[in-house]
Amino acid sequence: MIEVDAGRFTVGVFQDVAWATKGIAALIHAGLPPDSLTILAKEAPEAEALLAQSLGAKGSRLDIAGVGPAVLHGPMVGPLQGSAHDLAKLGLAGTMRRVGFQAHDGRIFEALVARGGILVAIHSEPRAADALAILHSYGGGNAAIGAWTGRV
């Protein structure tokens, strides 16, 4: 077991691209920089357009265990992937503890994204409470601040 300190993220899952678009716009309007945001969604033209519009990025494509083909971009991708490309093998359920969440949180996020939800994460510990409030206000389901610092 090794201890991982990849920083804290605030995470929520929007029910669809329309809700995610509004939530992301509110986060950016509140002063959270686009480069602090991570978007992860099932692969679809609407999700790819959301990445391009919100983050100015094409995003990477990856087959994620428990989710299937997905598009993703942002600072949370590196810690989740690790050096062994673990998202493809372990999915969100097996990797979310690296960013402050317990495995059961990862299973919830994984199930919501697999159903078509849009996961949005913010890497801004000083503004975590602000990000959480915005996620809740704009429909970010299961929104939480990663705080678990156990061993992985």
Check your understanding: Along the Cα-to-Cβ line of Ala84, 7 Å from the Cα, sits a label point; which residues in the range 90-122 have backbone N less than 17 Å from it?
Key -> 90-99, 103
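From the convex hull of the Cα coordinates of the range 10-145, what is the mean projected area in square nanometres? Let's see the in-between values first.
Details: hull surface 26.7 nm².
Its Cα hull, projected and averaged over all orientations, spans 6.7 nm².
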Exercise for review: Please work out the FRET efficiency for the pair Lys58 and Ile28, using the Cβ-Cβ distance as r and a Förster radius of 22 Å; give the result to the nearest 0.05.
Suggested key: 0.75
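All of the numbers you see were taken from the coordinates with simple rules; none came from a lab. Everything quoted here is computed from the prediction, not taken from an experiment. Note that we place each Cβ from the backbone using ideal geometry, even for glycine, and neighbour counts take in every protein chain shown.
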